[in-house]
Amino acid sequence: NQDIFTRDGIGSLINSTEGVLFVEMAALSDDLTYRYMTLSDGTSNNYILISFSNTSNDIVFALVSNGVTTVPTTTINKNTTDYNKIAFKWKANDFSIWINGVEEYSKNTGDAPLGLSIINFKHQASNIRYFYGKVKQLQVYDTALTDTQLASLTS
């Protein structure tokens, strides 16, 4: 048995020009399959992706804005069956990924995604790669947090 969670109609609560997707999550097992979590506009044109990978203990991240990949597929190796506190910050020309109090990735060029309004525990625009895992916390901030705030949030 599994729970299926999708939340849409929350566009008024999300600021597409900047924000933070924060999740504290763990995989049920390191079973070498993709398991997606996305914040999107319902298409493959604008989304933020956090996923367990088909490679052992890898967490994958990506961000697409208006069909253009702003944050290319980025893989960070962590024990995926342990709970990890992850924050993905987006803002035009200011992107970063924080895990367990440490900045693991940053980029200072690119556009923010447009029209983010749907949280899915699956591929953003289709019914594949469902998220199988445990989530303690899931939050979307409508402003980009500072590095100090991100370090504190993910510690």
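The values are calculated or read from the model by the stated rules, or taken from the named source; none is laboratory data. Everything quoted here is computed from the prediction, not taken from an experiment. Glycine also receives a Cβ, built like all others from the backbone with ideal geometry; neighbour counts cover every protein chain displayed. The accessibility values were calculated without ligands, DNA or RNA, using every heavy atom of the protein model including side chains. Shrake-Rupley method; radii C 1.70, N 1.55, O 1.52, S 1.80 Å.
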(1) in a strand (DSSP E or B); (2) surrounded by 19 or more Cβ atoms within 10 Å (Cβ to Cβ); (3) aliphatic (A, V, I, L, M) all hold for L145 apart from (1)
Flagged in segment 46-78 as among the hydrophobic types (A, V, I, L, M, F, W, C) and in contact with a strand residue (DSSP E or B) (Cβ under 6 Å, 6 or more places away or on another chain), in numbering order, are I48, L49, I50, F52, I59, V60, F61, A62, L63, V64, V71, I76
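Is it the case, given these coordinates, that S106 is open to solvent by 20 Å² or more (accessible area, probe 1.4 Å), of a type outside the set (A, V, I, L, M) and closer than 16 Å to A151 by Cα?
Yes: the conditions hold for S106.
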Of V23, V68, the only residue that is at pLDDT 95 or above, open to solvent by 20 Å² or more (accessible area, probe 1.4 Å), among the hydrophobic types (A, V, I, L, M, F, W, C) and more than 16 Å from Y105 (Cα to Cα) is V68
Scanning segment 111-130 for residues that are open to solvent by less than 20 Å² (accessible area, probe 1.4 Å) and in a loop (DSSP other than H, G, I, E, B) gives A112, P113, L116, Q124
